[in-house]
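Below is one structure, written out as structure tokens, with a few remarks after it.
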Amino acid sequence: MMAGARVLSRAGAAARSVAPGLCRGWCSSPGKEPAQQPQVTPMLRHLTYKIKATGPISVAEYMREVLTNPAQGYYVHHDMLGEKGDFITSPEISQIFGELLGIWFVSEWMATGKSPAFQLVELGPGRGTLAEDILRVFSQLGSVLRSCDISVHLVEVSEKLSETQAATLTKEKAPLERHTGAPMYMKGVTKSGLPIYWYRDLRDVPKGYSFYLAHEFFDALPIHKFQKTPQGWREVLIDIDPQASDRLRFVLAPGATAAEAFIQPDEARDHVELSPDAGVVIQELAQRISLKGGAALIADYGHDGTKTDTFRGFCSHRLHDVLTAPGTADLTADVDFSYLRRMAQGRVAALGPLQQQTFLKNMGIDVRLKVLLDKSDEPSLKQQLLQGYDMLMNPKKMGERFNFFALLPHQRLLGTNCQMNTRQSEPSASSVAGFGELTWR
């Protein structure tokens, strides 16, 4: 143990309770995670060796190792999505979700002058279900997009998931090209005939006019946790439990750590979670959008700088102790959208966060649901559609828990011909689909 490190009660960094069998983003009332038996996993052995050699590690380092370690990382070797995985995401709940996001991108493309080409870039594309729904909308709106050169770019660190995405999105008869050691490690052709590429890092994606999508991406990026004490801010670290060598525990750093530089001087909360990795991604997106145009749409569960302790784990659709059996469960934390806005550093305009129920209603989810219900003659399909709608829109489920956040060029909000409306002191988001009611021009 680090000399002078203070033990932090498990309750001080406990996960929040969720309804079993649902998405990881739907947390209801606070509560304790179910008791779990210690399990000595390869990742636990790796972490204990690491801590014995270098001392307690940050929560960010713990998350990075557990989720993306090349040898034992949870995301690298697990198929965590769907009913057989550890959680379900919105695209798996209802096709309407992806369809409305597809319409959002088309709406933004039209509102910004119908560029002759654009890249659709998705960060952490899961099984490819969301991209599949979006590309189906692009195909259905072929008469609108026929003169536009579209390419698809997926940022994915998991080889297992990239294979699943390829099976979902590409033509069976069109073989994939694989490249070892190159930034673009795989390429193919989508079912609708668009070129599609895979990368491990956003920075490897070609810079150009692009629409970026990050759905349940930022919540999995490593976070640093901090606790306010009478001596000032102290980072929450992870150490070996001296009472049991096969268990981990939370402790407080005895002094200041470098990561404290990310805490705002006027921070009023007594517990803060911040992700420098998220800041790096936002700055990359902001720079690309400000120079090349386009937009970024971020959908995740989170808050606007109000919540404190949200770090939690999920396994088989149930809450899981974050320090038990590392490498076998998903780790996640609510996104602090106020931090993302700050990290954009004014290079682009930031809209939101806006609750999912409001965003989807503005996008016309009620109209789309009615169309699908009217077309269906099967009671079971109608029931599925209604259940999916309820999951997405119900304030007690995902309706208020999930939020939408967008980054756009400043000129996008300055009105026609990039001129500020002189009657407005600030730009208005009312003309941006989802953040205002959808209108077609």
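Considering every residue within region 367-382, establish whether at least one is on the phi > 0 side of the Ramachandran plot and out of contact with any Lys or Arg (no Cβ under 8 Å at 6 or more places or on another chain).
No, there is no match, as no residue in region 367-382 is on the phi > 0 side of the Ramachandran plot and out of contact with any Lys or Arg (no Cβ under 8 Å at 6 or more places or on another chain).
Looking at Asp219, Asp246 in this structure, which one is touching a residue at least 24 places away in the same chain (Cβ under 8 Å) and assigned to a helix (DSSP H, G or I)?
Asp219
Which fully enclosed helices (runs of 4 or more DSSP H) of region 96-198 have 2 or more residues being touching a Ser or Thr at 6+ places or on another chain (Cβ under 6 Å)?
The helices (runs of 4 or more DSSP H) meeting that bar are 129-140.
Output the number of the condition that His153 fails; it satisfies all remaining conditions of (1) on the phi > 0 side of the Ramachandran plot; (2) within 24 Å of the chain's Cα centre (by Cα).
Condition (1) is where His153 drops out.
Being over 15 Å from Gly126 (Cα atoms) and either at pLDDT below 90 or crowded, with 17+ Cβ neighbours inside 10 Å (or both) is the filter here, so list the residues in region 149-169 that pass it.
Of everything in region 149-169, those that are over 15 Å from Gly126 (Cα atoms) and either at pLDDT below 90 or crowded, with 17+ Cβ neighbours inside 10 Å (or both) turn out to be Ile150, Ser151.
For region 57-75, name all the residues that are in contact with a helix residue (DSSP H, G or I) (Cβ under 6 Å, 6 or more places away or on another chain) and aromatic (Phe, Trp, Tyr).
Tyr74, Tyr75
With respect to Glu132, is the statement that it is within 18 Å of the chain's Cα centre (by Cα) and at pLDDT below 90 true?
No, not satisfied.
Residues of region 300-319 being polar (S, T, N, Q), over 22 Å from Thr89 (Cβ atoms) and out of contact with any His (no Cβ under 9 Å at 6 or more places or on another chain), which ones? Break it down into steps so the answer makes sense when it comes.
Initially, region 300-319 is screened for residues polar (S, T, N, Q), giving 306, 308, 310, 316.
Remaining after also requiring over 22 Å from Thr89 (Cβ atoms): 306, 308.
Passing the criteria: only Thr306.
Can you name the residue in region 408-441 that is under 13 Å from Leu354 (Cα atoms) and surrounded by 15 or more Cβ atoms within 10 Å (Cβ to Cβ) and is also modelled with the lowest pLDDT among such residues?
Within region 408-441, the match that is modelled with the lowest pLDDT is Ala429.
Lys228 - would you say it is among the basic types (Lys, Arg) and outside any helix (DSSP H, G or I)? It would help to see each step written out before you state the result.
Working: among the basic types (Lys, Arg): yes; outside any helix (DSSP H, G or I): yes.
Yes, satisfied.
In region 320-337, how many are in contact with a His (Cβ under 8 Å, 6 or more places away or on another chain) and modelled with pLDDT of 95 or more?
4
Looking at region 354-382, I want the residues that are within 27 Å of Leu407 (Cβ to Cβ) and have a partner that is acidic (Asp, Glu) with Cβ atoms under 6 Å, at least 6 apart or on another chain. Which pairs are those?
Gln355/Glu400; Asn362/Glu437
Yes or no: Leu130 of a type in the set (A, V, I, L, M), closer than 19 Å to Leu285 by Cα and out of contact with any Phe, Trp or Tyr (no Cβ under 7 Å at 6 or more places or on another chain)?
So Leu130 does not fit the description; no.
Note down all Cβ pairs under 6 Å where the first residue falls in region 299-319 and is within 24 Å of Ala350 (Cα to Cα) and touching a residue at least 40 places away in the same chain (Cβ under 8 Å), the second is among the β-branched types (Val, Ile, Thr) and not in a loop (DSSP other than H, G, I, E, B), and they're at least six residues apart or on different chains.
Asp300/Val335; Gly302/Val335
Need at least 1 residues that are out of contact with any Asp or Glu (no Cβ under 9 Å at 6 or more places or on another chain), under 18 Å from Phe217 (Cβ atoms) and of a type in the set (A, V, I, L, M) per element, so show me which strands (runs of 3 or more DSSP E) inside region 269-386 make the cut, counting only ones lying wholly within it.
294-303, 330-332, 349-355
Residues to consider are Gly279, Gly293; find the one that is surrounded by fewer than 22 Cβ atoms within 10 Å (Cβ to Cβ) and closer than 19 Å to Leu340 by Cβ.
Gly279
Quick one: which of Ala53, Ala11 is loosely packed, with under 15 Cβ neighbours inside 10 Å, under 30 Å from Gln243 (Cβ atoms) and modelled with pLDDT of 95 or more?
Criteria check complete, one pass: Ala53.
The values are calculated or read from the model by the stated rules, or taken from the named source; none is laboratory data. Nothing here was measured: the structure is a model prediction, and the numbers come from that model. So basically every Cβ, Gly included, is an ideal-geometry build from the backbone, and we count neighbours across all protein chains shown.
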